[in-house]
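Questions regarding the structure given below will be posed in turn.
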Amino acid sequence: MAVAESMVASEKGSSNGSSGPVLAAKGLRKVYGHVQALRGVDLELFPGEVHALVGDNGAGKSTLLRILAGATEPDGGELSLHGQPVRLDSPLRARELGIETVYQDLALANDRSCSANVYIGRELRRAGPLGRLGFLDRRRMNETTRQRFAELSIPITQVERPVRLLSGGQRQGVAIARAAIWAKHVLLLDEPTAALGVRQRHAVAELIERLRELRLSVVLISHDIPEVLKLADRVTVLRLGQRVATRDCEEVDTSWVIHAMVEEPLDE
(Lines give C-alpha, C1' and ligand atoms only; values in the text may rest on other atoms or scores of the structure.)
Protein backbone atom coordinates (compact mmCIF):
# COMPACT_ATOMS: atom_id res chain seq x y z
CA MET A 1 0.00 0.00 0.00
CA ALA A 2 1.46 3.33 -1.02
CA VAL A 3 2.09 5.76 1.80
CA ALA A 4 0.84 9.30 1.29
CA GLU A 5 3.68 11.76 0.96
CA SER A 6 1.74 14.37 2.90
CA MET A 7 3.44 13.07 6.06
CA VAL A 8 5.65 16.15 6.31
CA ALA A 9 7.53 17.53 9.26
CA SER A 10 5.13 20.43 9.77
CA GLU A 11 2.40 17.99 10.79
CA LYS A 12 4.38 16.50 13.64
CA GLY A 13 3.13 17.22 17.12
CA SER A 14 0.44 19.58 15.89
CA SER A 15 -2.35 17.26 14.75
CA ASN A 16 -4.09 17.25 18.12
CA GLY A 17 -3.54 20.80 19.30
CA SER A 18 -4.07 19.73 22.90
CA SER A 19 -1.81 20.61 25.78
CA GLY A 20 -2.39 17.13 27.24
CA PRO A 21 0.00 14.21 26.83
CA VAL A 22 0.56 12.72 23.41
CA LEU A 23 1.15 9.29 24.90
CA ALA A 24 0.27 8.17 28.41
CA ALA A 25 0.84 4.93 30.28
CA LYS A 26 -0.92 4.18 33.55
CA GLY A 27 -0.20 1.30 35.89
CA LEU A 28 1.75 -0.80 33.39
CA ARG A 29 2.63 -4.27 34.68
CA LYS A 30 4.67 -7.03 33.06
CA VAL A 31 5.71 -10.38 34.52
CA TYR A 32 8.19 -12.86 33.07
CA GLY A 33 7.86 -16.05 35.09
CA HIS A 34 8.80 -15.09 38.65
CA VAL A 35 10.29 -11.74 37.58
CA GLN A 36 8.15 -8.60 37.80
CA ALA A 37 9.67 -6.48 35.06
CA LEU A 38 7.20 -3.61 35.54
CA ARG A 39 5.19 -2.92 38.69
CA GLY A 40 2.51 -0.35 37.94
CA VAL A 41 4.57 2.17 35.96
CA ASP A 42 3.08 5.53 34.89
CA LEU A 43 4.49 7.73 32.14
CA GLU A 44 3.32 10.85 30.30
CA LEU A 45 4.89 12.20 27.12
CA PHE A 46 4.00 15.69 25.92
CA PRO A 47 4.18 17.32 22.46
CA GLY A 48 7.74 18.22 21.48
CA GLU A 49 9.15 16.72 24.67
CA VAL A 50 12.33 14.66 24.93
CA HIS A 51 11.67 12.35 27.88
CA ALA A 52 14.53 10.19 29.12
CA LEU A 53 14.20 6.81 30.82
CA VAL A 54 17.12 5.85 33.05
CA GLY A 55 17.81 3.05 35.48
CA ASP A 56 20.23 0.27 36.30
CA ASN A 57 20.16 -3.04 34.42
CA GLY A 58 16.90 -4.79 35.15
CA ALA A 59 15.10 -1.58 36.06
CA GLY A 60 12.46 -2.12 33.36
CA LYS A 61 13.52 0.45 30.76
CA SER A 62 13.68 -1.95 27.82
CA THR A 63 10.41 -3.64 28.80
CA LEU A 64 8.65 -0.29 28.96
CA LEU A 65 10.07 0.78 25.60
CA ARG A 66 9.03 -2.52 23.99
CA ILE A 67 5.48 -2.07 25.30
CA LEU A 68 5.32 1.45 23.87
CA ALA A 69 6.70 0.09 20.58
CA GLY A 70 4.07 -2.65 20.39
CA ALA A 71 6.68 -5.41 20.59
CA THR A 72 5.46 -6.62 24.02
CA GLU A 73 1.97 -6.54 25.47
CA PRO A 74 1.60 -5.55 29.14
CA ASP A 75 -0.07 -7.86 31.65
CA GLY A 76 -1.94 -4.90 33.12
CA GLY A 77 -2.37 -1.18 32.90
CA GLU A 78 -3.60 1.23 30.26
CA LEU A 79 -2.19 3.11 27.28
CA SER A 80 -3.69 6.17 25.61
CA LEU A 81 -2.74 8.26 22.59
CA HIS A 82 -4.01 11.87 22.65
CA GLY A 83 -6.39 10.86 25.42
CA GLN A 84 -7.89 7.90 23.54
CA PRO A 85 -7.34 4.34 24.85
CA VAL A 86 -5.17 2.24 22.53
CA ARG A 87 -3.93 -1.32 22.40
CA LEU A 88 -0.43 -1.69 20.98
CA ASP A 89 -0.51 -5.40 20.22
CA SER A 90 2.15 -5.35 17.49
CA PRO A 91 4.90 -3.10 16.08
CA LEU A 92 2.77 -2.71 12.96
CA ARG A 93 -0.11 -1.35 15.04
CA ALA A 94 2.24 1.09 16.77
CA ARG A 95 3.51 2.31 13.40
CA GLU A 96 -0.05 2.70 12.12
CA LEU A 97 -0.70 4.98 15.11
CA GLY A 98 2.40 7.08 14.36
CA ILE A 99 4.85 5.53 16.85
CA GLU A 100 8.27 4.61 15.47
CA THR A 101 11.23 2.93 17.19
CA VAL A 102 14.99 2.91 16.69
CA TYR A 103 16.64 0.01 18.50
CA GLN A 104 20.36 -0.27 19.23
CA ASP A 105 20.97 -2.58 16.25
CA LEU A 106 19.40 0.10 13.95
CA ALA A 107 17.80 -2.59 11.70
CA LEU A 108 19.35 -1.17 8.53
CA ALA A 109 19.84 -3.14 5.30
CA ASN A 110 23.58 -2.60 4.79
CA ASP A 111 23.70 -3.36 1.06
CA ARG A 112 20.78 -1.12 0.20
CA SER A 113 20.84 2.64 -0.33
CA CYS A 114 19.88 5.28 2.21
CA SER A 115 16.61 5.99 0.38
CA ALA A 116 15.83 2.27 0.08
CA ASN A 117 16.25 1.98 3.85
CA VAL A 118 13.97 4.95 4.46
CA TYR A 119 11.25 3.42 2.29
CA ILE A 120 11.79 -0.21 3.24
CA GLY A 121 8.36 -1.80 3.54
CA ARG A 122 6.79 1.44 2.24
CA GLU A 123 8.20 1.53 -1.27
CA LEU A 124 6.65 3.87 -3.84
CA ARG A 125 5.63 2.36 -7.14
CA ARG A 126 5.66 4.01 -10.52
CA ALA A 127 2.45 5.41 -11.89
CA GLY A 128 0.53 3.48 -14.53
CA PRO A 129 1.08 -0.04 -15.84
CA LEU A 130 4.69 -0.28 -14.65
CA GLY A 131 3.61 0.37 -11.09
CA ARG A 132 0.98 -2.33 -11.31
CA LEU A 133 3.74 -4.69 -12.45
CA GLY A 134 5.76 -3.87 -9.34
CA PHE A 135 8.28 -1.35 -10.71
CA LEU A 136 9.48 1.06 -8.04
CA ASP A 137 9.76 4.83 -8.43
CA ARG A 138 13.37 5.06 -7.22
CA ARG A 139 13.82 8.60 -8.51
CA ARG A 140 10.92 9.91 -6.42
CA MET A 141 12.10 8.00 -3.35
CA ASN A 142 15.62 9.43 -3.75
CA GLU A 143 14.35 12.99 -4.19
CA THR A 144 11.99 12.78 -1.22
CA THR A 145 14.66 11.21 1.01
CA ARG A 146 17.13 13.94 0.10
CA GLN A 147 14.52 16.59 0.94
CA ARG A 148 13.61 14.99 4.27
CA PHE A 149 17.28 14.59 5.23
CA ALA A 150 17.76 18.30 4.57
CA GLU A 151 14.74 19.13 6.77
CA LEU A 152 16.29 17.09 9.59
CA SER A 153 19.80 18.49 8.98
CA ILE A 154 21.18 15.04 8.10
CA PRO A 155 24.46 15.76 6.23
CA ILE A 156 23.94 13.08 3.56
CA THR A 157 23.20 14.22 0.01
CA GLN A 158 24.20 11.03 -1.84
CA VAL A 159 21.15 9.07 -0.74
CA GLU A 160 21.89 6.42 -3.40
CA ARG A 161 24.96 5.27 -1.43
CA PRO A 162 24.77 1.87 0.27
CA VAL A 163 24.46 2.18 4.04
CA ARG A 164 27.53 -0.04 4.56
CA LEU A 165 29.73 2.79 3.21
CA LEU A 166 28.57 5.25 5.88
CA SER A 167 30.21 6.05 9.20
CA GLY A 168 28.65 4.95 12.47
CA GLY A 169 27.20 8.39 13.11
CA GLN A 170 25.78 8.60 9.59
CA ARG A 171 24.19 5.17 9.96
CA GLN A 172 22.63 6.26 13.24
CA GLY A 173 21.38 9.39 11.49
CA VAL A 174 19.76 7.35 8.71
CA ALA A 175 18.01 5.09 11.24
CA ILE A 176 16.71 8.01 13.32
CA ALA A 177 15.74 10.01 10.22
CA ARG A 178 13.81 7.04 8.80
CA ALA A 179 11.82 6.75 12.03
CA ALA A 180 11.31 10.51 12.30
CA ILE A 181 10.06 10.77 8.72
CA TRP A 182 7.29 8.26 9.32
CA ALA A 183 6.48 9.00 12.98
CA LYS A 184 3.41 11.18 13.34
CA HIS A 185 3.44 11.37 17.13
CA VAL A 186 6.18 9.53 19.01
CA LEU A 187 9.76 8.41 18.38
CA LEU A 188 11.37 5.84 20.70
CA LEU A 189 15.19 5.83 20.83
CA ASP A 190 17.11 2.99 22.51
CA GLU A 191 20.69 4.06 23.35
CA PRO A 192 21.08 6.22 20.23
CA THR A 193 24.66 7.32 21.00
CA ALA A 194 26.06 4.02 22.30
CA ALA A 195 29.44 3.09 20.75
CA LEU A 196 29.73 6.43 18.92
CA GLY A 197 32.66 8.83 19.00
CA VAL A 198 32.50 12.39 20.30
CA ARG A 199 31.76 14.02 16.94
CA GLN A 200 29.18 11.38 16.06
CA ARG A 201 27.45 11.77 19.42
CA HIS A 202 27.30 15.52 18.85
CA ALA A 203 25.65 14.95 15.47
CA VAL A 204 23.00 12.70 17.03
CA ALA A 205 22.41 15.28 19.79
CA GLU A 206 21.82 17.95 17.13
CA LEU A 207 19.37 15.63 15.37
CA ILE A 208 17.42 15.08 18.61
CA GLU A 209 17.27 18.85 19.09
CA ARG A 210 15.90 19.15 15.55
CA LEU A 211 13.18 16.62 16.39
CA ARG A 212 12.20 18.75 19.38
CA GLU A 213 11.93 21.81 17.13
CA LEU A 214 9.64 19.84 14.83
CA ARG A 215 7.38 19.07 17.83
CA LEU A 216 7.95 15.32 17.62
CA SER A 217 7.78 13.65 21.04
CA VAL A 218 10.79 11.51 21.90
CA VAL A 219 11.37 8.80 24.50
CA LEU A 220 15.11 8.35 25.05
CA ILE A 221 16.82 5.45 26.82
CA SER A 222 20.46 5.99 27.74
CA HIS A 223 23.00 4.97 30.37
CA ASP A 224 24.91 8.23 29.86
CA ILE A 225 23.40 10.37 32.62
CA PRO A 226 25.24 13.67 31.85
CA GLU A 227 24.20 13.31 28.21
CA VAL A 228 20.60 12.60 29.23
CA LEU A 229 20.44 15.76 31.30
CA LYS A 230 21.70 17.79 28.33
CA LEU A 231 19.37 16.24 25.74
CA ALA A 232 16.12 15.66 27.61
CA ASP A 233 13.45 17.95 29.03
CA ARG A 234 12.37 15.50 31.71
CA VAL A 235 13.84 12.32 33.14
CA THR A 236 12.03 9.34 34.64
CA VAL A 237 14.04 7.04 36.91
CA LEU A 238 13.10 3.36 37.05
CA ARG A 239 14.30 0.94 39.71
CA LEU A 240 13.37 -2.74 39.96
CA GLY A 241 10.36 -2.27 37.71
CA GLN A 242 9.00 0.77 39.52
CA ARG A 243 8.96 4.47 38.66
CA VAL A 244 11.03 6.12 41.35
CA ALA A 245 10.58 9.73 40.21
CA THR A 246 10.07 12.05 37.26
CA ARG A 247 11.80 15.44 37.25
CA ASP A 248 12.60 18.32 34.92
CA CYS A 249 16.22 17.88 33.87
CA GLU A 250 16.97 21.49 34.81
CA GLU A 251 16.09 20.70 38.43
CA VAL A 252 18.45 17.76 38.96
CA ASP A 253 22.08 16.80 38.46
CA THR A 254 23.98 13.58 37.78
CA SER A 255 24.42 12.69 41.45
CA TRP A 256 20.68 13.06 42.08
CA VAL A 257 19.85 10.72 39.19
CA ILE A 258 22.40 8.11 40.29
CA HIS A 259 21.10 8.27 43.85
CA ALA A 260 17.56 7.73 42.60
CA MET A 261 18.71 4.73 40.54
CA VAL A 262 20.38 2.86 43.39
CA GLU A 263 18.92 4.08 46.69
CA GLU A 264 15.48 4.13 48.28
CA PRO A 265 12.68 5.79 46.25
CA LEU A 266 12.69 9.56 46.56
CA ASP A 267 9.74 11.55 47.84
CA GLU A 268 7.71 12.81 44.88
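The values are calculated or read from the model by the stated rules, or taken from the named source; none is laboratory data. From a predicted model like this one, the values you see are computed outputs, not experimental measurements. Please note: Cβ atoms are built from the backbone with ideal geometry, for glycine as well, and neighbour counts cover all protein chains shown. With ligands, DNA and RNA removed, areas are computed over all heavy atoms of the protein, side chains included. Shrake-Rupley method; radii C 1.70, N 1.55, O 1.52, S 1.80 Å.
Considering (1) more than 21 Å from the chain's Cα centre (by Cα); (2) of a type in the set (Val, Ile, Thr); (3) open to solvent by less than 30 Å² (accessible area, probe 1.4 Å), say which one Val163 fails and leave the rest.
(1)
If Glu5 meets every condition in (1) modelled with pLDDT of 95 or more; (2) open to solvent by 20 Å² or more (accessible area, probe 1.4 Å) apart from one, which number is that one?
(1)
Among the residues of region 121-128, are any open to solvent by 40 Å² or more (accessible area, probe 1.4 Å) and part of a helix (DSSP H, G or I)?
There is no residue in region 121-128 that is open to solvent by 40 Å² or more (accessible area, probe 1.4 Å) and part of a helix (DSSP H, G or I).
A further question on this structure: Considering only residues that are in contact with a Lys or Arg (Cβ under 7 Å, 6 or more places away or on another chain), surrounded by fewer than 18 Cβ atoms within 10 Å (Cβ to Cβ) and more than 24 Å from Leu211 (Cβ to Cβ), which ones fall in region 135-157?
Phe135, Leu136
Would you pick out the residues in region 40-73 that are open to solvent by 20 Å² or more (accessible area, probe 1.4 Å), within 23 Å of Asp248 (Cα to Cα) and not polar (S, T, N, Q)?
Gly40, Asp42, Glu44, Phe46, Pro47, Asp56
Residue check: is Asp224 among the acidic types (Asp, Glu) and touching a strand residue (DSSP E or B) at 6+ places or on another chain (Cβ under 6 Å)?
When the stated conditions are applied, Asp224 does not pass them.
A further question on this structure: Looking at region 215-230, which of the residues that are over 30 Å from His34 (Cα atoms) and under 14 Å from the mean Cα position of the chain (by Cα) is surrounded by the most Cβ atoms within 10 Å (Cβ to Cβ)?
Step by step, filter region 215-230, then rank; the result is Leu216.
Now for a separate question. So, Leu88, is that one modelled with pLDDT of 95 or more, over 30 Å from Thr157 (Cβ atoms), open to solvent by less than 50 Å² (accessible area, probe 1.4 Å) and not in a loop (DSSP other than H, G, I, E, B) or not?
When the stated conditions are applied, Leu88 does not pass them.
Which one is farthest from Val262 (Cα to Cα) among residues in region 29-54 that are modelled with pLDDT under 95 and small (Gly, Ala, Ser)?
Among those residues, the one meeting the criterion is Gly48.
Looking only at region 91-117, filter to residues that are in contact with a Gly (Cβ under 8 Å, 6 or more places away or on another chain) and hydrophobic (A, V, I, L, M, F, W, C); which one of those is nearest to Ile154 (Cα to Cα)?
Out of the qualifying residues, it is Ile99.
Of the residues Ala94, Ala116, Ala107, which is closer than 24 Å to Val31 by Cα and outside any strand (DSSP E or B)?
Answer to the selection: Ala94.
Glu206: among the charged types (D, E, K, R) and either assigned to a loop (DSSP other than H, G, I, E, B) or within 30 Å of Asp75 (Cβ to Cβ) (or both), yes or no?
It is false that Glu206 is among the charged types (D, E, K, R) and either assigned to a loop (DSSP other than H, G, I, E, B) or within 30 Å of Asp75 (Cβ to Cβ) (or both).
From (1) farther than 24 Å from Ala175 by Cα; (2) out of contact with any Pro (no Cβ under 8 Å at 6 or more places or on another chain), pick out the condition that doesn't hold for Gln158.
The single condition Gln158 does not satisfy is (1).
If you don't mind, there's one more thing I want to ask. Find all pairs meeting these conditions: Cβ atoms under 9 angstrom apart; at least six residues apart or on different chains; first residue within region 163-189 and closer than 16 Å to Arg122 by Cα and part of a helix (DSSP H, G or I); second residue at pLDDT 90 or above and acidic (Asp, Glu).
Listed pairs, sorted by first residue: Arg178/Glu100; Ala179/Glu100; Ala180/Glu100; Ile181/Glu100; Trp182/Glu100.
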